[in-house]
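Right, one structure below, let's go through it.
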Amino acid sequence: MAKKRIIPKLQIIESTIFKNELVLVITQNFNQIKEIGDPISQAKIYEAQSADELILSYLSPSKSKVNNRNLFVEKLRELSKEVFIPICVGGGIKKLSDIEILLQNGADKIIINSIAVQNPNFIRESSLSFGSQCIVVAVDYRVDNNNKIHIYSSSGTKKYQMDIYEWISNIVDLGAGEIVLTNIDKDGSMEGLDITNLNQLTKKIQIPIISSGGCGNAQHFIEGFLKTKSDAIAAGTFFCMQDQNTIQTRSQIKNSGINIRTFN
């Protein structure tokens, strides 16, 4: 059985303060954005604290009037020279050449979302071109007052009329290597993961699942692993804003009897 993973998220966007600079931010519900610092310094801290891997998300394509992909690629290249754990990169990918450029500049895996919903065959094309282990599909969703789950793209700004269970099944059939599931309304809340829906969504998925959105303490990670089939749990605000680091979180998860990677 594969060991469970914990994954810090680094979300970056063009700074409103410093010209031509990408900064680390935290978000709430995908739309409240707060600048908090330098992504490379934070990534080095996460590596020193034995994070399993990193998620690097470029928010500008859907959140900013500025979208400088060259600046983003440069930041990725700089980051990959400083840290040596796997980096899963996403944000504004529209064509195969976008993936190729990111892989050439330090990405180990690629996250796609909007392009996958708009053109599902892109999942197959990218998996065949770069290997299924490289392609991760993000599924962002909200739950309405009738407990119906709705899929969103473009950082939660576009809603789609499609069944989430069918969509997840299609993602698997089209060759994706991994899926990230995020409840948008849990994002940045630090109130815990969407355990009820994640439990149902992950039951029949045969590829690795990363659950995300809402972790505020170590117990939330523990519940996520014990009560869902999550293979990994990702968090941004928790690791950026709490005193507890990934080493402490990992220790508490291990002490709960969960088969998680450990480091000597």
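The values are calculated or read from the model by the stated rules, or taken from the named source; none is laboratory data. Only a predicted model underlies this, so the values are computations on that prediction, with no experimental measurement involved. When we count neighbours, we look across all protein chains shown, and the Cβ atoms used for this are built from the backbone with ideal geometry, even at glycine. With ligands, DNA and RNA removed, areas are computed over all heavy atoms of the protein, side chains included. Shrake-Rupley method; radii C 1.70, N 1.55, O 1.52, S 1.80 Å.
Some observations on this one:
- For the range 75-100, a residue qualifies if it is part of a helix (DSSP H, G or I) and under 23 Å from Asp52 (Cα atoms), and the qualifying residues are Lys75, Leu76, Arg77, Glu78, Leu79, Ser80, Lys81, Glu82, Ile99.
- Of note, Ile40 satisfies the criterion of being in a helix (DSSP H, G or I) and open to solvent by less than 30 Å² (accessible area, probe 1.4 Å).
- Check on Phe72, at positive phi and within 18 Å of the chain's Cα centre (by Cα): no
- Residue within the range 237-245 that is farther than 24 Å from Gly92 by Cβ, modelled with pLDDT of 95 or more, not aromatic (Phe, Trp, Tyr) and not in a loop (DSSP other than H, G, I, E, B) present: no
- Out of Ile33, Ile26, one residue alone is touching a Gly at 6+ places or on another chain (Cβ under 8 Å), part of a strand (DSSP E or B), of a type in the set (Val, Ile, Thr) and surrounded by fewer than 22 Cβ atoms within 10 Å (Cβ to Cβ). It is Ile26.
- Of the residues in the range 1-18, not one is assigned to a strand (DSSP E or B), open to solvent by 70 Å² or more (accessible area, probe 1.4 Å) and under 21 Å from Gly156 (Cα atoms).
- Residue, surrounded by the fewest Cβ atoms within 10 Å (Cβ to Cβ), within the range 109-156, restricted to residues that are polar (S, T, N, Q) and in contact with a Ser or Thr (Cβ under 6 Å, 6 or more places away or on another chain): Ser154
- Considered as a group, the residues in the range 198-216 that are polar (S, T, N, Q), assigned to a helix (DSSP H, G or I) and within 26 Å of Ser127 (Cβ to Cβ) include one that is least open to solvent (accessible area, probe 1.4 Å), and that residue is Thr202.
- Scanning the range 172-194 for residues that are under 23 Å from Ala235 (Cα atoms) and part of a helix (DSSP H, G or I), we see that the one that is most open to solvent (accessible area, probe 1.4 Å) is Asp185.
- Selected residue [touching a residue at least 24 places away in the same chain (Cβ under 8 Å), crowded, with 18+ Cβ neighbours inside 10 Å and farther than 22 Å from Ile123 by Cβ] from Ile222, Ile168: Ile222
- Residue within the range 46-69 that is aromatic (Phe, Trp, Tyr), more than 21 Å from Ile6 (Cα to Cα), touching a Gly at 6+ places or on another chain (Cβ under 8 Å) and crowded, with 17+ Cβ neighbours inside 10 Å present: no
- Residue that is of a type in the set (Gly, Ala, Ser) and either in contact (Cβ under 8 Å) with a residue 12 or more places away in the chain or surrounded by 22 or more Cβ atoms within 10 Å (Cβ to Cβ) (or both), where the choices are Ser97, Ser80: Ser80
- When every residue of the range 124-134 is checked against the conditions, at least one turns out to be modelled with pLDDT of 95 or more and at positive phi.
- If you go through the range 210-253 and keep only what is of a type in the set (Ser, Thr, Tyr) and closer than 15 Å to Leu181 by Cβ, you end up with Ser211, Ser212, Thr228, Ser230.
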